[in-house]
Amino acid sequence: ASIVALWVETRVAKANTKWLKDLVTCLAVWLRLNHWDTSCLVGTSTSAKKLRCAIDAMCANKPTHITTQARAYTQKEIDSIVATIDTNSMGWNDLTVQAMRTYTILGFAMAMRGGELCHTLRWDMVDIDGEVVNLPGGNVFKKQAKPATLPIPHNHRGGTCGANCPVGALTAWKTTCEEHGIPTVDTLVFPAIR
């Protein structure tokens, strides 16, 4: 940490005060996130003092850890989650299994939150043939004020939709709902998931 502070000091002559303040804050967070021992941070330089003050301020309430945004899943990880759902190790009924697999695939592909999928997404917003979701305005969905249209992406190139394609999964889910007498007009897309 002392070496980092010395490096900052070499940059001070070339930088403005705002840049130094932002850099010191970022470095303090980085040092804490990476569990560097900053207790032995020494130095009488301006940057060392500012870095020490920034770290002390972060530790004022003695947080046990600093939370950061979780890393996004990859397609490979989603395929693994879907494969686990397909094994039905939870003992769900067939409708719940299909709802969960479609929910997972669609949520990942369209970057939708769980609440948006479960409590807001309705069949009248979904145009499967046009492969789009028509979002209403009014800060209800994805915090957008005006109506918007989002494409439902394919995760394959050309040809027919595979098992884990969002368009194919949503089409299969709609067909299953209709076969079981679950309305697919003005109702939630995932009524089986709370």
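Contact map, the stretch 132-154: residues that are farther than 21 Å from residue 105 by Cβ and open to solvent by 70 Å² or more (accessible area, probe 1.4 Å) paired with residues that are modelled with pLDDT of 80 or more and of a type in the set (Ser, Thr, Tyr), Cβ distance under 7 Å, separation 6+ or inter-chain. Pairs shown: 140/120. Would you check if residue 120 is of a type in the set (Ser, Thr, Tyr) and loosely packed, with under 15 Cβ neighbours inside 10 Å? No.
With respect to (1) modelled with pLDDT of 80 or more; (2) more than 18 Å from residue 164 (Cβ to Cβ); (3) open to solvent by 70 Å² or more (accessible area, probe 1.4 Å), the lone exception for residue 86 is condition (2). Checking 109, 99, 83 one by one, the residue that is part of a helix (DSSP H, G or I) and either over 21 Å from the mean Cα position of the chain (by Cα) or over 24 Å from residue 182 (Cβ atoms) (or both) is 83 and no other. Candidates are the residues of the stretch 164-181 that are over 15 Å from residue 131 (Cβ atoms) and in contact (Cβ under 8 Å) with a residue 24 or more places away in the chain; the one that is surrounded by the most Cβ atoms within 10 Å (Cβ to Cβ) is 164.
The values are calculated or read from the model by the stated rules, or taken from the named source; none is laboratory data. Computed from a prediction, not measured in an experiment: that's the story for all the values here. No Cβ is skipped: glycine too gets one built from the backbone with ideal geometry, and neighbour counts run over all protein chains shown. What goes into the accessible areas is simple: the full protein's heavy atoms, side chains included, and nothing from ligands, DNA or RNA. Shrake-Rupley method; radii C 1.70, N 1.55, O 1.52, S 1.80 Å.
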